[in-house]
Structures are given as C-alpha cells and as structure tokens.
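Visitor: Below is a structure I'd like to ask you about.
The values are calculated or read from the model by the stated rules, or taken from the named source; none is laboratory data. Since this is a predicted model, take the numbers as computed values, not measurements. Neighbour counts run over all protein chains shown; Cβ positions are idealised from the backbone, glycine included.
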Amino acid sequence: MLPDPSPVRSAPEPPPVRPTTAEANAAIRTFVAGRTSWSAADLAELDRLRQAWRQAVRDEVAEAA
C-alpha cells in the first residue's frame, strides 16, 4: 500500500485573544504603578502594553461602527 501523499493537516490555531481597552489600560496602570526608574526592558514592555491598548481601542471603534 502506498503512503498517503497529502500532507497531514492540523486544525488552524485560533487567533490570539486580544484584551479589551479596559483590560489593556489596567495592565498599563499596574505595570507603571510605583516605578521610579525604567530599564530598556521595562520600556520595551511598556511599548508592548501600549500597542495592545491601541489595538484594543481600534477594535472597539471598529465594532461600534
């Protein structure tokens, strides 16, 4: 018997769950609370959190439209 030439297909991965605007805002507030100095890694994480917040705002505006 010949092997099946078709590739094995797995179920597609679901899209990542994006936070709501309120959740993203809370994550930023929690991250920055009480900080007095910022390392390069801290600033990179803050940028990532801000990007998530901006995307959440765009998603909610698009939903409302």
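Visitor: If I filter segment 6-26 down to residues being surrounded by 10 or more Cβ atoms within 10 Å (Cβ to Cβ) and not in a helix (DSSP H, G or I), which single residue comes out as modelled with the lowest pLDDT?
Guide: Step one: list which residues in segment 6-26 are surrounded by 10 or more Cβ atoms within 10 Å (Cβ to Cβ), which gives 18-26.
The next check asks that each one be not in a helix (DSSP H, G or I); those that pass are 18-20.
Values: ARG18: 86, PRO19: 89, THR20: 93.
Selected residue: ARG18.
Visitor: Among all residue pairs at least 6 apart or on different chains, which show Cβ distances below 8 Å where the first residue, located in segment 27-49, is exposed (fewer than 10 other Cβ atoms within 10 Å of the Cβ) and the second is at pLDDT 95 or above and of a type in the set (Val, Ile, Thr)?
Guide: From segment 27-49, no pairs qualify.
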